[in-house]
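Report on one structure; see the data block that follows.
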Amino acid sequence: MISNRQLYIAGAITGIGVLAYFLCTKKSAQKSIKPPKPEPVKENGYTSLKKTSSNKKEITTQKEEGTFPLRSGSTSKEVERLQIWLLRNHGWKGAVTGTFDSQTLGLVRKSLKRDTVDQETYTKYQMGIPIHQQIHS
């Protein structure tokens with residue numbers, strides 16, 4: 001004769017098996033749905049990411065050469081890193097956009113006492129190095 005305890009154990013084992021099955025199939029389904037990664041495209045000295053969606057737009061991410069000095073109107077990964085540096089060290093309150101706009105200019109003037117950021121200043125303050133890689137003494 002089967003006792004209630006044996007039924008509970010059998011039910012628990014079956015439930016765990018069903019749960020494991022659904023978790024495994026869910027992970028497999030998520031892996032197969034991932035969109036393809038955009039491929040880098042070089043055009044006129046710019047590195048762009050070509051979207052693979054139906055609208056086929058290109059998003060310019062940065063100019064490869066001549067990014068310094070960073071000044072009003074500049075758009076690059078370096079400007080984005082400057083804005084992150086301003087966020088960490090000088091109370092940046094805007095969105096990190098990668099565009100050297102009037103808000104960026106105002107905080108650069110306040111914190112660095114200048115209108116542009118040259119490569120020497122960018123390197124001196126470790127603006128391009130992620131915070132987890134910076135060594136502080």
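The values are calculated or read from the model by the stated rules, or taken from the named source; none is laboratory data. None of these values were measured; they are calculated from a predicted model. Please note: Cβ atoms are built from the backbone with ideal geometry, for glycine as well, and neighbour counts cover all protein chains shown. Ligands, DNA and RNA are stripped out before the accessible areas are found, and what is left, the full protein with its side chains, is counted by its heavy atoms. Shrake-Rupley method; radii C 1.70, N 1.55, O 1.52, S 1.80 Å.
Being open to solvent by 40 Å² or more (accessible area, probe 1.4 Å) and within 21 Å of the chain's Cα centre (by Cα) holds for only one residue in R109, R88, R71, and it is R88.
Scanning segment 106-118 for residues that are polar (S, T, N, Q) and part of a helix (DSSP H, G or I) returns a single hit, S111. Cβ-Cβ contacts under 8 Å between residues 6 or more apart (or on different chains), taken from a first residue in segment 119-133 that is closer than 10 Å to R81 by Cα and in a loop (DSSP other than H, G, I, E, B) to a second residue that is open to solvent by less than 100 Å² (accessible area, probe 1.4 Å) and at pLDDT below 85, are listed as Q126/Q134. Regarding T123, is this residue within 19 Å of S74 (Cα to Cα), surrounded by fewer than 14 Cβ atoms within 10 Å (Cβ to Cβ) and at pLDDT 90 or above? Criteria met by T123. Looking only at residues of segment 92-105 that are open to solvent by less than 40 Å² (accessible area, probe 1.4 Å) and either among the small types (G, A, S) or not in a helix (DSSP H, G or I) (or both), we find that the one that is modelled with the lowest pLDDT is W92.
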